[in-house]
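Trainee: If you scroll down you'll find the structure; I have some questions about it.
The values are calculated or read from the model by the stated rules, or taken from the named source; none is laboratory data. Everything quoted here is computed from the prediction, not taken from an experiment. Cβ: placed from backbone, ideal geometry, glycine included. Neighbour counts: every protein chain shown. Calculation scope for accessible area: heavy atoms of the full protein, side chains included, ligands and nucleic acids excluded. Shrake-Rupley method; radii C 1.70, N 1.55, O 1.52, S 1.80 Å.
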Amino acid sequence: MYAQMIQSTGKGVKTLDEMDPQERAFQERINAGGKIEPKDWMPDGYRKNLIRQIGQHAHSEVVGQLPEGNWITRAPTLERKAILLAKVQDEAGHGLYLYCAAETLGITRDEMYEALHEGRMKYSSIFNYPTLTWADMGAVGWLVDGAAIMNQVPLQRTSYGPYARAMVRICKEESFHQRQGFDIMMKMVNGTAAQKKMAQDALNRMWFPSLMMFGPSDEDSVHSVQSMAWKIKMNGNDELRQKFVDQTVPQAEYLGLTIPDETIKWNEEKGGYDFAQPDWTEFFDVLRGNGPCNQERLQTRKSAWEDGAWVREGMLAHAAKKRATRLAAE
Amino acid sequence: MSNAALFQTLLRLGDNTLVLGHRVSEWCGKAPVLEEDIALANTALDLIGQTQMWLGYAAEIENEGRSADDLAMLRDVWDFRNILMVERPNLDFGHTMMRQFLFDAYHRTLLTALKDSTNPRIAEIAAKAVKEATYHFERSAETVIALGDGTPESHEFMQNGLNLLWPFTGEMFECDAIDAEMAAAGVIPDPISLRDTWIALVSDTLTEATLAIPQDDFAHKGGRTGRQHTEHLGHLLTQMQWLQRAYPGANW
Ligand SMILES: [Fe+2]
Ligand SMILES: [Fe+2]
Ligand SMILES: [Fe+2]
């Protein structure tokens, strides 16, 4: 998802009886559906995992501006330009909520940026794919925001209070994102032959990368079990992927588009679609930095940060001067 | 009052917001701090929203079956009526914010006057837009002050931006036959009458920002009249209009 492949720091999941009283009280509170707040005691692993997860989610929102920003200046109508600007502005806002949530765990936004720029922290693999035509703006909203919603809705109930509250605010805006994407697709499939071709091409390229957003199967992963016990992960990766496919196949049919997977078939027994897994070798290549846009996306962010250093320093210097003048006046 | 003159006046208003909105949107995802990413996207969004109103009305006045989108996406350089300043490339963040500030101070002053236009549609649009322009002005002025009076390096960026942009400010107060006709009918204020308010607004902020106002009064002109744009506008349109040009008649 926006936080893929988060490796938990725990060695295995302890039973309540193996925990000391403090940790046991913490776990029991989570089990009872209670929220952990910044000032509460928490195990080191919980804190570290959350920082990685929320930080990666925040970075995804920020880097996620770039593939859509790629089309803002080429949006075909004033209305589309305005909608896309509003959406991308939302995504930057999501980044802000999430950095603030992560900061309550004792890390600064600047430290997280540094980790991103040095490759120690990641962002979602999906943003390392290019947006090549206007239909990609449709596909991103429809599929990428659609997949994000699958993951983010349950996270509104996550155990860490500031994260849960950030998710509530974010989820309110995400449904608009998906709708505007689907709306673009509708226009494309009802348009000229060239537009239909663009729409199909976008789906062809985006389908498997969207499935990758949920991460590889985590059925047997110790990390996942720990995260689930802590309620910082609410569902298994396969479970969410299945939900996403079940939701998306009828939408593709409605659009008259063909999902680039010949094996897709309704499975009465399981009450869901059978479908092909994405190429996980490609997924790990992208994570290692070899996706089509990794280098550019990261370089764009690094350059923005470096070119903006004088601005941040100037603003800090001015704020310090104002503080000094105020103090002198008192 | 002729419709032709009114049409030109509306293009002048709408092309300013369209072209500046485009420039500001180029910052998407690349601002120095995340709060600025949000603010710049918000500014661009406001400007594009205003464009829809101005060009929408312009299209009605023209009455030749063109829409606001047709005006934005299918005119060539010589038919654009924005001032040259807004089509200048962003360069660095200092230049971008200085341009925004100089424009916002003008825009706010102009829209405040347009609220009293004898043309009710213009008055109505101006009443909506002036709220946004006022907010933009407060924000860009704050940024200019902070960076002008920040570090020696940030001061230099802002002073350079101001020096580069100053010769492009005179065009805002230029008055030609179209303006004279519109001003006589009370549709717009005489552009020259806006200058004192603008100078006062701008000087206050620039003084607080410890920046020196250039003394040369030379003004580059030709955008508002369409006589001669900069080379930059053609490239901007190449990008902005590409889809509409490449796939004529498609619905998006
Ligand atoms: Fe998102
Ligand atoms: Fe988001
Ligand atoms: Fe979104």
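Trainee: Specify the longest stretch of chain B that does not include any exposed loop site, a site being one of the GluC sites (Glu not before Pro) with a non-H, G, I, E, B DSSP assignment and at most 16 other Cβ atoms within 10 Å. Display every interim value, and only then the final one.
Mentor: Values: sites that count: B:Glu64, B:Glu174.
With GluC sites (Glu not before Pro) excluded where exposed in loops, chain B gives B:65-173 as its longest stretch.
Trainee: I'd like the residues of the range B:235-252 whose 1.4 Å-probe accessible area shrinks by no less than 10 Å² going from the isolated chain to the full set of protein chains.
Mentor: Buried-area filter returns B:Gln239, B:Met240, B:Trp242, B:Leu243, B:Gln244, B:Tyr247, B:Ala250, B:Asn251, B:Trp252.
Trainee: If packing is taken as the mean number of other Cβ atoms within 10 Å per residue, what is the order of B:211-223, A:108-120, A:153-165, B:43-55, highest first? Please list the in-between numbers first.
Mentor: Numbers: B:211-223: 13.7, A:108-120: 15.3, A:153-165: 20.0, B:43-55: 24.2.
In decreasing order of mean packing, B:211-223, A:108-120, A:153-165, B:43-55 become B:43-55, A:153-165, A:108-120, B:211-223.
Trainee: Distance between the C-alpha centers of the range A:221-259 and the range A:17-34? Whole Å please.
Mentor: The distance from the Cα centre of the range A:221-259 to that of the range A:17-34 comes to 28 Å.
Trainee: For the interface of A with B, what's the total buried accessible surface in square angstrom, probe 1.4 angstrom, rounded to the nearest hundred? Intermediate results must be reported in sequence, preceding the final value.
Mentor: Details: alone 16170 and 11630 Å², together 23700 Å².
Approximately 4100 Å², summed over both chains.
Trainee: Using a probe radius of 1.4 Å on heavy atoms only, what accessible surface per residue do you get for the range B:3-246? Whole Å² is fine. Write down the numbers at each step before the final one.
Mentor: Details: 9030 Å² over 244 residues.
For the range B:3-246, the solvent-accessible area averages 37 Å² per residue.
Trainee: Of all alpha-carbon pairs in chain B, indicate the percentage at a distance above 23 angstrom. Walk me through the intermediate numbers first.
Mentor: Numbers: 15398 of 31626 pairs.
The answer is 49 percent, as a whole percent.
Trainee: Quick one: which residues, 5 or more positions from A:Tyr160 or on another chain, have an amide H under 5 Å from its amide H? H modelled 1.01 Å from N in the peptide plane, none for Pro or chain starts.
Mentor: Amide H neighbours of A:Tyr160: A:Ile36.
Trainee: Now for a separate question. Name the residues of the range A:74-91 whose accessible area falls by at least 20 Å² when all protein chains are present instead of the chain alone, probe 1.4 Å?
Mentor: Residues passing the criterion (a loss of at least 20 Å², heavy atoms only) are A:Arg74, A:Pro76, A:Thr77, A:Leu78, A:Glu79, A:Lys81, A:Ala82, A:Leu85, A:Gln89.
Trainee: While we're on this one: Just how far, in whole angstrom, is the range B:21-53 from the range A:270-301 if you go by their alpha carbon centroids?
Mentor: Comparing the Cα centres of the range A:270-301 and the range B:21-53, I get a distance of 30 Å.
Trainee: Also, I was wondering about something else. Restricting to DSSP H runs of at least four residues, report the calculated mean residue ellipticity at 222 nm for chain B, -39500 (n - 2.57) per run over all residues, nearest 500 deg cm²/dmol. Each step should come with its number before you reach the end.
Mentor: On the way: 11 runs with 165 residues, N = 252.
After summing the helix terms and dividing by residue count, I get -21500 deg cm²/dmol.
Trainee: Which of the lysines could be linked to A:Lys322 by a straight reach, that is with a Cα gap under 29 Å, when you skip same-chain ones fewer than 8 residues away?
Mentor: B:Lys30, B:Lys131
Trainee: Here's another thing I want to ask about it. How large is ³J(HN,Hα), in whole Hz, for each residue of the range A:112-125 in order, when computed from phi with the Karplus curve 6.51 cos²θ - 1.76 cosθ + 1.60 and θ = phi - 60°, using x for Gly and Pro?
Mentor: Going residue by residue, I get 5, 4, 4, 5, 5, 5, 8, x, 7, 10, 10, 10, 4, 4 Hz, with x marking Gly and Pro.
Trainee: Taking Cα pairs under 8 Å and at least six residues apart, what relative contact order does chain A come out at, in percent? Can you show the working numbers first?
Mentor: On the way: 393 pairs, mean separation 68.6, N = 330.
Once normalised by length, the contact order is 21 percent.
Trainee: Just to be sure I understand: with springs between alpha-carbon atoms less than 10 Å apart, which residue in B:Ala133, B:Ala200, B:Ala68 has the highest mean-square fluctuation in the Gaussian network model of chain B?
Mentor: Between B:Ala133, B:Ala200, B:Ala68, it is B:Ala200 that shows the largest mean-square fluctuation.
Trainee: Now for a different question. At a 1.4 Å probe radius, which order do A:Leu316, A:Leu50 fall into by accessible area, largest first? Mind showing how you got there, number by number?
Mentor: Values: A:Leu316 125, A:Leu50 0 Å².
The ranking, largest first, comes out as A:Leu316, A:Leu50.
Trainee: Work out the mean other chain Cβ neighbour count within 10 Å for the residues of B:144-152 and drop it here as an integer. Could the numbers behind the result be given before it?
Mentor: Details: counts 0, 2, 9, 7, 2, 5, 12, 8, 2.
Mean number of neighbouring Cβ atoms from other chains: 5.
Trainee: Next up: Based solely on its DSSP helices, what 222 nm [θ] is calculated for chain A when runs of n ≥ 4 H residues each add -39,500 (n - 2.57) and the sum is averaged over all residues, nearest 500 deg cm²/dmol? Mind dumping the intermediate values first?
Mentor: Numbers: 14 runs with 206 residues, N = 330.
-20500 deg cm²/dmol, from helical runs alone.
Trainee: Which of the residue pairs A:Lys81/A:Lys197; A:Lys172/B:Lys128; A:Lys35/A:Lys87; A:Lys87/A:Lys122 have a Cα-Cα distance greater than 24 Å in the structure shown?
Mentor: Numbers: A:Lys81/A:Lys197 22 Å; A:Lys172/B:Lys128 27 Å; A:Lys35/A:Lys87 30 Å; A:Lys87/A:Lys122 22 Å.
Distance filter (> 24 Å) returns A:Lys172/B:Lys128; A:Lys35/A:Lys87.
Trainee: Then there is this: Say R0 is 60 Å: what FRET efficiency, to the nearest 0.05, do A:Leu16 and A:Glu330 get from their beta-carbon distance?
Mentor: Details: r = 54 Å, r/R0 = 0.91.
Efficiency, from the Cβ-Cβ distance: 0.65.
Trainee: Continuing with the same structure: On a straight-distance basis, which lysines could pair with A:Lys39 in a cross-link, Cα separation under 19 angstrom, same-chain partners fewer than 8 positions away excluded?
Mentor: Straight-distance partners of A:Lys39: A:Lys48, A:Lys231.
Trainee: If you take each beta carbon of peptide A:315-321 and count the beta carbons of other chains within 10 angstrom, what is the mean? Display every interim value, and only then the final one.
Mentor: Values: counts 11, 4, 9, 11, 2, 1, 3.
Across the residues of A:315-321, the mean count of other-chain Cβ atoms within 10 Å is 6.
Trainee: Could I ask something else about it? Is the shape of the protein assembly as shown best called rounded, prolate or oblate, per the rule: a/c under 1.5 gives rounded, else a/b larger than b/c gives prolate, else oblate, with a ≥ b ≥ c the square roots of the Cα gyration tensor eigenvalues? Kindly include the intermediate steps, with their values, before the conclusion.
Mentor: Details: a/c = 2.55, a/b = 1.51, b/c = 1.69.
It comes out oblate by the Cα gyration axes.
Trainee: Something else about it: What ³J(HN,Hα) values, in whole Hz, does the Karplus curve 6.51 cos²θ - 1.76 cosθ + 1.60 give for the range A:203-212 when θ = phi - 60°, with x put for Gly and Pro?
Mentor: 5, 4, 7, 8, 4, 5, x, 5, 5, 5
Trainee: Note the full-extension length gain between A:Gln156 and A:Asp307 as 0.36 nm times their separation in residues minus their Cα-Cα distance, in nm to one decimal. Intermediate results must be reported in sequence, preceding the final value.
Mentor: On the way: separation 151, 0.36 × 151 = 54.36 nm, distance 3.59 nm.
Additional length available on full extension: 50.8 nm.
Trainee: So how do A:Val13, B:Val130, B:Val77 rank on accessible area, 1.4 Å probe, biggest first, that is with the largest at the start?
Mentor: On the way: A:Val13 60, B:Val130 15, B:Val77 35 Å².
Result, largest first: A:Val13, B:Val77, B:Val130.
Trainee: Now for a different question. May I ask you to list the aspartates and glutamates whose Cα is less than 20 Å away from that of A:Lys233, ignoring any residue fewer than eight positions away on the same chain?
Mentor: Leaving aside aspartates and glutamates fewer than 8 places away in the same chain, those within reach of A:Lys233 are A:Glu23, A:Glu28, A:Glu37, A:Asp40, A:Asp44, A:Glu61, A:Glu103, A:Asp145, A:Glu174, A:Asp218, A:Glu219, A:Asp220.
Trainee: A further question on this structure: Below 8 Å, C-alpha to C-alpha, sequence gap of six or more: please give me the relative contact order for the range A:194-243 in percent. Spell out each step's value before the answer.
Mentor: Details: 23 pairs, mean separation 17.9, N = 50.
Relative contact order for the range A:194-243 comes out at 36 percent.
Trainee: Express in nm, to one decimal, how much length is gained between B:Lys131 and B:Arg245 on full extension, taking 0.36 nm for each residue of separation and deducting their alpha carbon distance.
Mentor: Details: separation 114, 0.36 × 114 = 41.04 nm, distance 3.44 nm.
Gain on stretching B:Lys131 to B:Arg245: 37.6 nm.
Trainee: Per residue of the range B:57-64, what does 6.51 cos²θ - 1.76 cosθ + 1.60 with θ = phi - 60° give for ³J(HN,Hα)? Whole Hz please, x for Gly and Pro, Karplus curve as stated.
Mentor: Taking θ as phi minus 60°, the curve returns 5, 4, 5, 5, 5, 5, 6, 10 Hz for the range B:57-64.
Trainee: Take peptide B:62-70, look around each residue's Cβ out to 10 angstrom, count Cβ atoms belonging to other protein chains, and average those counts.
Mentor: Values: counts 0, 0, 0, 0, 0, 2, 3, 6, 1.
Average neighbour count from other chains, rounded to a whole number: 1.
Trainee: In the range B:3-246, carbon and sulfur make up what percent of the accessible area (probe 1.4 Å)? List each step's numbers first, then the result.
Mentor: Working: 4740 of 9030 Å².
It is 53 percent, rounded to a whole number.
Trainee: Moving on. Relative contact order for chain B using alpha-carbon pairs under 8 Å, separation at least 6, rounded to a whole percent?
Mentor: On the way: 355 pairs, mean separation 63.2, N = 252.
The value is 25 percent.
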